[in-house]
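**Student:** Dropping the structure in here first, questions after.
Just so it is clear, none of the values below were taken in a lab; they were calculated from the coordinates. Note that the coordinates shown come from a computational prediction; the quantities given were computed from them, not determined experimentally. So basically every Cβ, Gly included, is an ideal-geometry build from the backbone, and we count neighbours across all protein chains shown.
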Amino acid sequence: MLRLNNSVVSKDAGSIKFPVIRGDKTRSSYKVDKSLLEKNQLTDEEWESICLKCAKCCYEKIDLGGGHIVYTEEPCVYLDTATRMCKIYDKRQEIEPDCIKLNADFIRQINWMPPDCAYVKYLSQKDTLQAVRAIEKSKRRKRVKLRRD
Ligand code: SF4
């Protein structure tokens, strides 16, 4: 359990406003766990462990189009802004149908997750790693073919 500083401030990041927790760096700097990157399939616990519980995704967002998302300072009514925890986490889809259970495919399709969200970083590194592996595999195949010819 992380201990939190309750003071919540806002920080400008260009046109995007992210609420941040003062002094709690653990919730804004995700270091990708290499063992999770290597796995093809994560368990629910492993997937959940990636989330930093920063709650940046739990604030109202406005889609201005053209890839411009404004993060407002209006929290979801179910967010405890002091602890940054959802008050109804286990039943959130039942109680609030607009709340979306995040999974890898969904996050890859949307553009409104905060860029420093741990899942966004994890998936970006995972996709890069897979692309690099695919290139290496293709090169190996070509080398083998060249030797045979
Ligand atoms: S899903 Fe991402 S933005 Fe939302 S709380 Fe977890 S780490 Fe933060």
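**Student:** For a bin width of 5 Å, list the pair-distance distribution of region 84-133 built from all Cα-Cα distances, rounded to whole %.
**Tutor:** 4, 17, 22, 20, 20, 8, 5, 4, 1
**Student:** Which links in 121/145; 34/142; 101/142; 91/137; 31/87; 31/137 stretch past 32 Å when you go from one Cα to the other? All intermediate terms of the calculation are to be shown ahead of the outcome.
**Tutor:** On the way: 121/145 36 Å; 34/142 29 Å; 101/142 42 Å; 91/137 44 Å; 31/87 27 Å; 31/137 27 Å.
As for pairs spanning more than 32 Å Cα to Cα, those are 121/145; 101/142; 91/137.
**Student:** Tell me the net charge near residue 103. Cut-off is 12 Å between Cβ atoms, residue 103 excluded, with +1 for each Lys or Arg and -1 for each Asp or Glu. Before the final figure, lay out the partial values.
**Tutor:** Details: positive: 101, 108; negative: 44, 48, 105.
With Lys, Arg at +1 and Asp, Glu at -1, the neighbours total -1.
**Student:** Continuing with this model, one more query. Quick check on region 34-123: take the gyration tensor over C-alpha atoms, sort the square-rooted eigenvalues as a ≥ b ≥ c, and tell me if it's rounded (a/c under 1.5), prolate or oblate.
**Tutor:** Details: a/c = 1.79, a/b = 1.23, b/c = 1.45.
It is oblate, given that a/c is not under 1.5 and a/b is not larger than b/c.
**Student:** Moving on to the next point. Taking the simple approach of a point 7 Å from Cα along Cα-to-Cβ for both residue 51 and residue 32, what is their distance in nm?
**Tutor:** 2.1
**Student:** So the label point goes 7 Å from the Cα of residue 137 along Cα→C-beta, right? Which residues of region 91-113 then have their backbone N under 12 Å from it?
**Tutor:** none
**Student:** Let me ask something else about it. Estimate the FRET efficiency between residue 70 and residue 94 by the formula 1/(1 + (r/R0)^6), using the beta-carbon distance for r and 35 Å for R0, to the nearest 0.05. Could you put the intermediate results ahead of the total?
**Tutor:** Working: r = 29 Å, r/R0 = 0.83.
It comes to 0.75.
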